[in-house]
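Visitor: Starting off with a structure, shown below.
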Amino acid sequence: MKSENNFNNPPVLISFLVVSLFFMGWQYYLQQKYPDHYKVKLHTATELKEKTQPVSGSSVTQVTASKKFKAAAPSVLNNVEARLITVSNDLYNVQVSSLGMGIENVELKKFTGENSKYVNLDTQFFQSIHPSTGLPIVFNLTENSATEIVGESELLRKTISLNPGSYALSVKVELKGQEKPESISYLSQMKLKEIKNSIFSPSYERQEFFVLQKDQEFRETMGLDFNSASQHENTKILALGSRYFTESVVNRSSVSGVVEVLPQLVKPEAQPVVLFKQTQSLEGIDVDQLRLEYELFLGPKKESLLAQVDSDLGSVIDYGFFEILSRPLMKTLEFFHSIFGNWGWAIVLLTLVIRLLVFPVAFTGYKSMKKMQTIQPALKKIKEKYKDNPQKMNTETMAFMKQNKVNPVGGCLPMLLQIPVLFAFYSLLSESVVMYQAPFIGWIQDLSLKDPYFILPVLMGLAMFIQQKLTPMSMEPLQKKMMMLMPIAFSFFMISLPSALTLYIFVSTLFGIVQQYIFLKMT
């Protein structure tokens, strides 16, 4: 007697396997990308062992935090008041402090943050540090022009120049006098914040530092409990940033740089320190031949803007494992945006292009599923005939399929092809600032956030249900009922994800319905 609970149908088994792998892979991806949200035990800075340990398989070296380098107070250091000079262009307002001549209070005019104020990058960035005391050097600041600030100290002359219409600043440092310091160092501090996260209201925000060395990249997320010390040789790029914005420095000097990451051990509320040291020693280097030049980028993680500063600066955007797909997708999306002027419609067009590219494979899969449905009566007879001999039943089943040129997994191939694209598209949407506060239509005013009224997830679920109804499936009644639960599961899964991603899946499913109608007419 035929069992109604039989799940030995290859398309069904593969579909469930794909969905299961999707969810497990998704959780693993999030845990790897946002480890601070998934830690079981929180560590304090005092738990950091004061010893040197090499990191396995990496040129990164664990180092003990140097107590020599101290965090500078925001306004007063050794009874010296800081003088702040504000410079600005059409894109940002920036304050330069006389303490270390570092960058502070960067306000991005094109982006709105909390309380309808400009986005503030909230760091002390690239302060010049005295080589013997480890404290910020006190500079006497003068404004040569509206776009250039010059600072003089006994040790250094530092010039910061704004580039009109750009998020980049140029920095030039000159040594004064004949005495050469042991090293030239710059200190940056990120003011870490608590990031709330839950299963129903997930946060994809993060705080991280990034280093591009001569031959590899290093990236680490910083949580409130951050206590990892490390050292990175031959550094070209150092960046502190969040999900969408970055403060980066590109080393254009004649000597190599070293980055040290130093968790503060002086007091619990102190922030992590990232130290950019311009060579461990300047001995043997002619001062007249020494060139200390840098390009700073203070702005959004947008590939086209980053590439204007340096071809490698786009590496600060973390597209993850599917970067090889995400970057060309991003370039295509930007091209479509240049046509429509709306990121939502650019997503719609990109989705249609992707579906058209996989159309031949989808048609082959549809024909395979149709054949599978046609031969089901014969397969049932084989199962009934050899029900007491499973091995013989499988052998006869596969032989019969081969004879009729039916591929049992052919119907699942289009789904398998689209999963990498889905992950790549998610990485693109979650990392690229172009979706930040980008409106689409009506109620969707920010494609980087979830649909506030859950309209798109519901429509997506309905479209998936209709597509399943149109898809030829050779299943038992219970199997069909289980498959009908998939649209509900996906809708629930998508309610908290960016509306841009939900839009992509919704449009893709609508195209799939049209595609099924075309297939029905063609066969």
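The values are calculated or read from the model by the stated rules, or taken from the named source; none is laboratory data. Since we're looking at a predicted model, the values are computed, not measured. Here the Cβ is made from the backbone with ideal geometry for all residues, glycine too, and neighbour counts use every protein chain on show.
Visitor: Could you list all residues from region 100-146 that are outside any strand (DSSP E or B), of a type outside the set (Gly, Ala, Ser), farther than 30 Å from residue 243 by Cβ and at pLDDT below 90?
Guide: 130, 131, 133, 135
Visitor: Could you count how many residues in region 351-378 are assigned to a helix (DSSP H, G or I) and in contact (Cβ under 8 Å) with a residue 40 or more places away in the chain? Reasoning before the result, please.
Guide: So the first thing to find is which residues in region 351-378 are assigned to a helix (DSSP H, G or I), and the list is 351-357, 359-374, 376-378.
Going one step further and asking which of them are in contact (Cβ under 8 Å) with a residue 40 or more places away in the chain, we end up with 351-352, 354-355, 359, 361-370, 372-373, 376.
Adding up the residues that qualify gives 18.
Visitor: Here's a follow-up. Look through 233, 247 and report the one residue that is surrounded by fewer than 21 Cβ atoms within 10 Å (Cβ to Cβ) and either in a strand (DSSP E or B) or not hydrophobic (A, V, I, L, M, F, W, C) (or both). Even if it seems obvious, please write down each step before you answer.
Guide: Details: 247 fails: surrounded by fewer than 21 Cβ atoms within 10 Å (Cβ to Cβ).
Of the residues listed, the single one that is surrounded by fewer than 21 Cβ atoms within 10 Å (Cβ to Cβ) and either in a strand (DSSP E or B) or not hydrophobic (A, V, I, L, M, F, W, C) (or both) is 233.
Visitor: Any chance region 477-495 includes a residue that's assigned by TED's automatic domain parsing to the domain that holds residue 447, of a type in the set (S, T, N, Q) and either at pLDDT 80 or above or over 30 Å from residue 379 (Cβ atoms) (or both)?
Guide: Step one: filter region 477-495 for residues assigned by TED's automatic domain parsing to the domain that holds residue 447, giving 477-495.
So of that shortlist, the ones also of a type in the set (S, T, N, Q) come out as 479, 491.
From what is left, the residues that are either at pLDDT 80 or above or over 30 Å from residue 379 (Cβ atoms) (or both) are 491.
Checked region 477-495: at least one residue is assigned by TED's automatic domain parsing to the domain that holds residue 447, of a type in the set (S, T, N, Q) and either at pLDDT 80 or above or over 30 Å from residue 379 (Cβ atoms) (or both).
Visitor: Do we find that residue 414 is out of contact with any Phe, Trp or Tyr (no Cβ under 7 Å at 6 or more places or on another chain) and either at pLDDT below 85 or basic (Lys, Arg) (or both) in this structure?
Guide: Working: out of contact with any Phe, Trp or Tyr (no Cβ under 7 Å at 6 or more places or on another chain): yes; either at pLDDT below 85 or basic (Lys, Arg) (or both): yes.
Answer is yes for this residue.
Visitor: Okay, moving on. Collect the residues in region 92-125 that are polar (S, T, N, Q), within 19 Å of residue 168 (Cα to Cα) and either surrounded by fewer than 23 Cβ atoms within 10 Å (Cβ to Cβ) or touching a residue at least 60 places away in the same chain (Cβ under 8 Å) (or both), keeping them in residue-number order.
Guide: To start, the set of residues in region 92-125 that are polar (S, T, N, Q) comprises 93, 95, 97-98, 105, 112, 115-116, 120, 123-124.
If we keep only those that are within 19 Å of residue 168 (Cα to Cα) too, we end up with 93, 95, 97, 105, 120, 123-124.
Listed by number, the residues that qualify are 93, 95, 105, 120, 123, 124.
Visitor: Mind listing just one residue for me: the one in region 373-410 that is at pLDDT 75 or above and either within 30 Å of residue 421 (Cβ to Cβ) or among the acidic types (Asp, Glu) (or both) and, of those, surrounded by the most Cβ atoms within 10 Å (Cβ to Cβ)?
Guide: Checking each candidate, the answer is 401.
Visitor: Report yes if residue 139 is over 30 Å from residue 302 (Cβ atoms) and buried (at least 20 other Cβ atoms within 10 Å of the Cβ), otherwise no. Talk me through it step by step, then tell me what you get.
Guide: Numbers: over 30 Å from residue 302 (Cβ atoms): yes; buried (at least 20 other Cβ atoms within 10 Å of the Cβ): yes.
Criteria met by residue 139.
Visitor: Only one of (1) closer than 17 Å to residue 294 by Cβ; (2) out of contact with any His (no Cβ under 8 Å at 6 or more places or on another chain) is not met by residue 221, so which one is it?
Guide: The one condition residue 221 does not meet is (1).
Visitor: Still on this structure, please answer the following. Here's a check for you: in region 496-515, which residue that is within 18 Å of residue 441 (Cα to Cα) and among the β-branched types (Val, Ile, Thr) is surrounded by the most Cβ atoms within 10 Å (Cβ to Cβ)?
Guide: Out of the qualifying residues, it is 502.
Visitor: While we're here: Can you name the residue in region 174-201 that is in contact with a helix residue (DSSP H, G or I) (Cβ under 8 Å, 6 or more places away or on another chain) and surrounded by 12 or more Cβ atoms within 10 Å (Cβ to Cβ) and, of all such residues, is modelled with the highest pLDDT?
Guide: Among those residues, the one meeting the criterion is 175.
Visitor: Quick check, is residue 473 of a type outside the set (Gly, Ala, Ser), within 36 Å of the chain's Cα centre (by Cα), at pLDDT below 85 and farther than 30 Å from residue 448 by Cβ? Reasoning before the result, please.
Guide: Details: of a type outside the set (Gly, Ala, Ser): yes; within 36 Å of the chain's Cα centre (by Cα): no; at pLDDT below 85: yes; farther than 30 Å from residue 448 by Cβ: yes.
Against the criterion (of a type outside the set (Gly, Ala, Ser), within 36 Å of the chain's Cα centre (by Cα), at pLDDT below 85 and farther than 30 Å from residue 448 by Cβ), residue 473 does not qualify.
Visitor: Hey, another quick one. Out of the residues in region 341-375 meeting the condition of being more than 30 Å from residue 448 (Cβ to Cβ) and of a type in the set (Ser, Thr, Tyr), tell me which one is farthest from the chain's Cα centre (by Cα).
Guide: The selected residue is 374.
Visitor: To continue, here is another question. Quick one: would you say residue 322 is part of a strand (DSSP E or B) and either assigned by TED's automatic domain parsing to the domain that holds residue 89 or more than 15 Å from residue 438 (Cβ to Cβ) (or both)? Quick ask: steps written out before the conclusion?
Guide: Working: part of a strand (DSSP E or B): no; either assigned by TED's automatic domain parsing to the domain that holds residue 89 or more than 15 Å from residue 438 (Cβ to Cβ) (or both): yes.
Spelling it out, it is not the case that residue 322 is part of a strand (DSSP E or B) and either assigned by TED's automatic domain parsing to the domain that holds residue 89 or more than 15 Å from residue 438 (Cβ to Cβ) (or both).
Visitor: Restricting to region 289-303, name every residue that is farther than 24 Å from residue 422 by Cβ and under 16 Å from the mean Cα position of the chain (by Cα). Even if it seems obvious, please write down each step before you answer.
Guide: Residues of region 289-303 farther than 24 Å from residue 422 by Cβ: 289-300.
Selection gives 299, 300.
Visitor: So, one more: Among residues belonging to region 413-453 that are polar (S, T, N, Q) and not in a loop (DSSP other than H, G, I, E, B), point out the one that is farthest from residue 327 (Cα to Cα).
Guide: Ranking the qualifying residues of region 413-453, first place goes to 418.
Visitor: I'm trying to understand the selection: among the residues of region 307-321, which are β-branched (Val, Ile, Thr) and more than 10 Å from the chain's Cα centre (by Cα)? Working first, answer last.
Guide: First pass over region 307-321, keeping only residues β-branched (Val, Ile, Thr): 309, 316-317.
The answer is 309, and nothing else.
Visitor: Separate question: Residue by residue through region 481-512, note down the ones that are β-branched (Val, Ile, Thr) and in contact (Cβ under 8 Å) with a residue 60 or more places away in the chain. Write out each step before concluding.
Guide: Taking region 481-512 as the starting set, the residues that turn out to be β-branched (Val, Ile, Thr) are 488, 495, 502, 505, 507, 509.
Scanning region 481-512 gives 505, 507.
Visitor: Would you kindly identify the strands (runs of 3 or more DSSP E) lying entirely within region 147-186 that contain at least 1 residues that are free of Cβ contacts under 8 Å to residues at least 40 places away in the same chain and either in contact with a strand residue (DSSP E or B) (Cβ under 6 Å, 6 or more places away or on another chain) or within 27 Å of residue 304 (Cβ to Cβ) (or both)?
Guide: Numbers: elements: 148-152, 156-162, 168-175.
Ranges flagged: 148-152, 156-162.
Visitor: Just to be sure I understand, how many residues within region 262-296 are outside any loop (DSSP other than H, G, I, E, B) and at pLDDT below 85? Even if it seems obvious, please write down each step before you answer.
Guide: From region 262-296, those outside any loop (DSSP other than H, G, I, E, B) are 262, 273-278, 287-289, 292-296; that's our starting set.
Cutting the leftovers down to at pLDDT below 85 gives us 262, 273-278, 287-289.
Residues in region 262-296 being outside any loop (DSSP other than H, G, I, E, B) and at pLDDT below 85: 10 in total.
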